[in-house]
1. Report the extension gain between residue 75 and residue 184 in nm, rounded to one decimal, defined as 0.36 nm multiplied by the number of residues separating them, less their alpha carbon distance.
2. Consider a paramagnetic label point 7 Å from the Cα of residue 202 along Cα→Cβ; state which residues of the stretch 82-97 have an amide N under 18 Å from it.
3. Report, by chain and number, residues whose modeled amide H sits under 5 Å from the one on residue 139, excluding near sequence neighbours (fewer than 5 apart, same chain).
4. For the pair residue 15/residue 93, report the inter-label distance in nm, with labels modelled 7 Å from Cα in the Cβ direction.
Amino acid sequence: MSGRRSRATVLRRRARRRRERRRMRRVAVVTASVTLVAAALLAVLGLLTAPRPQAPCPDGPGALPAAGVAGWRGDQLVNAAIIVRTAQELGFDRDGQIIGVMAAMGESSLHNIDHGDWETSGVTNPDGSRTSSVGLFQQQSWWGSVQERMDPATAATMFFTRLGRIPQWQSLPPSHAVNRVQINSDREHYARFHDDAAEVVDALAATCGE
């Protein structure tokens, strides 16, 4: 009789150990799942709170040098800062930013104008048609709608998108790189704006880094 009780006791103990092992495995699985979820949440939180690269401050002339930079001031610097910020967002470094600013300097003196060469000088396209240039980059109708070309950030995006498609644009003289995008008649036209554009780009970076 005692032998039967001993065997029953052993079986109960074995059953308890099996139940305990199953419970521990469940606890381990739950713990691992919670740990993975917590790690994922921490990773997302880290992405949301991580410092972002410093960008220029184009949202108002009050954030820009009041005295101007190299003779450029007011809305010209606001527009230049929008060009620089757009270039940064698209992955262009200082050299690309300078090219974008000097292009707009050469095309519109950094003013977002709603007219172009036809209205001011009677210039026509090679086929004799009127030019349809508007905006910072004096982009014609085949670039996009008037609304797109008159929006500085959109116009800059279109400029840099085309610049990025030019093979080895970084190895070209800056004015030639602009010319490849703008397709104007004189590829040296923009060269005289290079130093001013560099000074403006550097000043914007310094102003917004304060």
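1. 36.7 nm
2. Those under the cut-off are 84, 93-97.
3. For residue 139, the qualifying residues are 134.
4. Once both label points are built, they end up 7.3 nm from each other.
Every number in this text was worked out from the coordinates using simple rules, so none of it is lab data. Since this is a predicted model, take the numbers as computed values, not measurements. Virtual Cβ from ideal backbone geometry, glycine too; neighbours counted across all protein chains shown.
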